[in-house]
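> Just passing along the structure, written as structure tokens.
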Amino acid sequence: MTFRDIILIPDKRLKTVVEPLANIDKDTRILVDDMFETMYEAEGYGLAGPQIGVMGRIIVVDCAKEDKGEKPDPIAMINPDIVFSSEEISVYEEGCLSIPEYFEEVERPANIRVKYLNVDGKTIEREADGLLATCIQHEIDHLNGKLFIDYISRLKRDRIIKKFQKLARQNAG
Ligand code: NI
């Protein structure tokens with residue numbers, strides 16, 4: 001397993017709608033392993049392909065709370081599609097590995113049903129609620145070039161983007 005570098009805003013790849021994966025093979029399984037390692041190392045609840053420069057529809061999530069004694073629950077989803085969203089809304093404070101150290105409350109449907117392919121190429125359909133529902137929606141948004149800061153006020157969003165633009169300039173020397 002290899003840790004992959006995580007891309008930060010304002011990188012254009014994070015604003016790109018990416019294509020479905022055409023086939024699932026050995027390389028896909030290596031990619032999934034790398035994505036889990038990268039996510040766990042960075043202490044995130046989820047990671048999407050574009051965040052490591054893989055421009056395909058693939059995400060990993062694990063919303064188990066270790067500190068509450070929950071067992072790891074790694075889920076990899078290829079070409080995920082939300083087929084149902086509840087009208088009921090839930091609110092979580094979200095963060096993103098591509099926007100480090102920034103957190104804001106976001107409203108999303110509380111319950112979803114999602115259809116995807118697993119690493120064996122099998123079609124799975126499952127329901128999710130609570131934090132998992134939010135995580136899955138956050139990660140699928142990444143595949144559509146959407147970030148959680150797109151849900152907050154323009155003023156706050158512009159401020160955070162400016163901060164990261166400045167950081168990117170500094171890092172570029
Ligand atoms: Ni994110």
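> Can you name the number of the only condition in (1) crowded, with 16+ Cβ neighbours inside 10 Å; (2) more than 16 Å from the ligand (Cβ to nearest atom) that V91 fails?
If we test V91 against (1) crowded, with 16+ Cβ neighbours inside 10 Å; (2) more than 16 Å from the ligand (Cβ to nearest atom), just (1) comes out false.
Table: residues versus (1) on the phi > 0 side of the Ramachandran plot; (2) in contact (Cβ under 8 Å) with a residue 12 or more places away in the chain; (3) surrounded by 15 or more Cβ atoms within 10 Å (Cβ to Cβ).
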site: K12; (1), (2), (3): no, no, no
site: V18; (1), (2), (3): no, yes, yes
site: T28; (1), (2), (3): no, yes, yes
site: D34; (1), (2), (3): no, yes, yes
site: E43; (1), (2), (3): yes, no, no
site: A64; (1), (2), (3): no, no, yes
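> Anything in segment 111-123 that is out of contact with any helix residue (DSSP H, G or I) (no Cβ under 7 Å at 6 or more places or on another chain), outside any loop (DSSP other than H, G, I, E, B) and without any contact (Cβ under 8 Å) to a residue 40 or more places away in the chain? List them, or say none.
Once the filter is applied, which keeps residues that are out of contact with any helix residue (DSSP H, G or I) (no Cβ under 7 Å at 6 or more places or on another chain), outside any loop (DSSP other than H, G, I, E, B) and without any contact (Cβ under 8 Å) to a residue 40 or more places away in the chain, segment 111-123 yields R113, K115, Y116, T123.
> Output the residues belonging to segment 66-88 that are among the hydroxyl-bearing types (S, T, Y) and open to solvent by 30 Å² or more (accessible area, probe 1.4 Å).
S85
> Scan S85, S98 and give me the residue that is under 19 Å from L147 (Cα atoms) and more than 16 Å from the ligand (Cβ to nearest atom).
S85
> Tally the residues that are open to solvent by 70 Å² or more (accessible area, probe 1.4 Å) and among the β-branched types (V, I, T), restricting the search to segment 1-10.
1
> OK, next. Checking I152 against (1) surrounded by 15 or more Cβ atoms within 10 Å (Cβ to Cβ); (2) hydrophobic (A, V, I, L, M, F, W, C); (3) over 18 Å from the mean Cα position of the chain (by Cα), which test does it fail?
Against the list (1) surrounded by 15 or more Cβ atoms within 10 Å (Cβ to Cβ); (2) hydrophobic (A, V, I, L, M, F, W, C); (3) over 18 Å from the mean Cα position of the chain (by Cα), I152 comes up short only on (3).
> Can you tell me which residues in segment 128-143 are touching a residue at least 40 places away in the same chain (Cβ under 8 Å) and loosely packed, with under 15 Cβ neighbours inside 10 Å?
G130
The values are calculated or read from the model by the stated rules, or taken from the named source; none is laboratory data. Computed from a prediction, not measured in an experiment: that's the story for all the values here. Don't worry about glycine lacking a Cβ; one is built from the backbone with ideal geometry, like all the others, and counts go over all protein chains shown. Heads up: the accessible areas ignore ligands, DNA and RNA and are worked out on the full protein's heavy atoms, side chains in. Shrake-Rupley method; radii C 1.70, N 1.55, O 1.52, S 1.80 Å.
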